[in-house]
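Q: Below you'll find the structure I mean.
The values are calculated or read from the model by the stated rules, or taken from the named source; none is laboratory data. This is a predicted model, so every value here is computed, not measured. Cβ coordinates were reconstructed from backbone atoms using ideal geometry, including for glycine residues, and neighbour counts include every protein chain displayed. The accessibility values were calculated without ligands, DNA or RNA, using every heavy atom of the protein model including side chains. Shrake-Rupley method; radii C 1.70, N 1.55, O 1.52, S 1.80 Å.
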Amino acid sequence: MGHSAAVWDFRAATELTKDWNGIDQVVLRTPLGASARVSLHGAQVTSWRNERGEELLFTSCKTNLKAPKSIRGGIPICFPQFGNCGTQERHGFARNRIWTIDENPPPLPPNDSRGKSFVDLLLKSSEEDMKCWPHSFEFRIRVSLTTNGDLSLISRVRNINGKPFSFSFAYHTYLLVSDISEIRIEGLETLDYLDNLSKKERFTEQGDAITFESEVDRLYLSSPNIIAVIDHERKRTFIIRKEGLPDVAVWNPWEKKSKAMVDFGDEEYKHMLCVDGAVIEKPVNLKPGEEWTGRIQLSVVGSSFCSERFGFDRVGI
């Protein structure tokens, strides 16, 4: 893409390489050995590894690796919609577009870059996109790794249109887990949710945690800003911290649906779980010149996690 070496000098732990389709991808690394890969195809995080080199994100072995479709796994960016809506592509077009490296991003607060390996990517509305979604926008995303290996994504969408527009959004995060039947999610208990398996009927979560015994496809509403996904077998917990993302989509296709998906292995549902920070129930509305920001930070801690210690009422990003 013709990026000069000087552009990368201040990102010493950042490398520009090619993915399996020959599309540029950025590799982020920390001094302790954690890493992340970000494809310019969809600004999609395709890998996140801890300092021991263990993969933390799920990718299906049957995923279609041929562009222009996004891969089944990692963290696809769902914009300007989540799910199916009208003539638009499922989960929106952003995940199937080629982004550019944003070499002159607007400044972010100092704590968003200090001690981090990061890359800034940019997507602007194209003539093709305007045919199905007639709005002018600039979408910037910063993907970063902290020195301790936490993965952070900060998305900013600006309306450069002459009229207001609205959109929904999700970080469609595929976590790699040991055994779905041994997983529990804490932080969503007592919340209302829309059940996509029951025509989006509204229910209230009754359990003291979410566990899995069958297909789950839910949107939890007005959620706290810290959620825990506890993997008992691996003795580790994913901590998801978020801002500007009131909803949480939780999905596991289970056995029957897995067999119906061409880009998903029949037994792979046992080792994945999607927990998405999102804005879906009440879409974002932007007036001309306005900007929206949505952040997510993923951390992994030992299984000694307890709700009281982290405090689900604090943002903590």
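Q: Order 29-38, 42-51 from most to least packed using the mean count of other Cβ atoms within 10 Å.
A: By packing density, highest mean first, the sequence is 42-51, 29-38.
Q: If I model a spin label as a point 7 Å beyond the Cα along the Cα-Cβ vector, how far apart are those points for residue 301 and residue 138 in nm?
A: Label-label distance for residue 301 and residue 138, simple model: 3.7 nm.
Q: Per-residue HN-Hα couplings for region 200-209, Karplus 6.51 cos²θ - 1.76 cosθ + 1.60 at θ = phi - 60°, whole Hz, x for Gly and Pro?
A: With coefficients 6.51, -1.76 and 1.60, one gets 6, 5, 8, 10, 10, 5, 9, x, 7, 6 Hz.
Q: To continue, here is another question. In whole Hz, with x marking every Gly and Pro, tabulate ³J(HN,Hα) for region 168-182 from phi via Karplus 6.51 cos²θ - 1.76 cosθ + 1.60, θ = phi - 60°.
A: My calculation for region 168-182 gives 10, 7, 7, 8, 7, 8, 8, 8, 8, 10, 6, 7, 4, 6, 9 Hz in order.
Q: What are the ³J(HN,Hα) couplings of region 150-165, residue after residue, when phi is run through the Karplus curve with 6.51, -1.76, 1.60 and θ = phi - 60°? Round to Hz, x for glycine and proline.
A: Rounded to whole hertz, the list is 5, 9, 10, 10, 10, 9, 9, 10, 10, 8, 10, 7, x, 9, x, 9.
Q: Right, next: Report, to the nearest whole %, how much of the accessible area of region 140-220 belongs to carbon and sulfur atoms, 1.4 Å probe, protein only.
A: Reported share for carbon and sulfur atoms: 40 percent.
Q: Taking the Cα-to-Cβ direction at residue 260 and at residue 131 and moving 7 Å from each Cα, how far apart do the two end points lie in nm?
A: According to this spin-label approximation, the distance is 3.0 nm.
Q: Would you list which lysines come within 22 Å of residue 256, measuring only between C-alpha atoms, while excluding same-chain residues fewer than 8 positions from it?
A: 62, 199, 200, 270
Q: Hey, another quick one. Using modelled backbone amide H atoms (1.01 Å from N, in-plane), which distant-in-sequence or interchain residues come within less than 5 Å of residue 234's amide H?
A: Here 178 satisfy the definition.
Q: Also, quick follow-up: Can you give the net charge of the other residues whose Cβ lies under 13 Å from the Cβ of residue 212, counting K and R as +1 and D and E as -1?
A: It works out to a net charge of -4.
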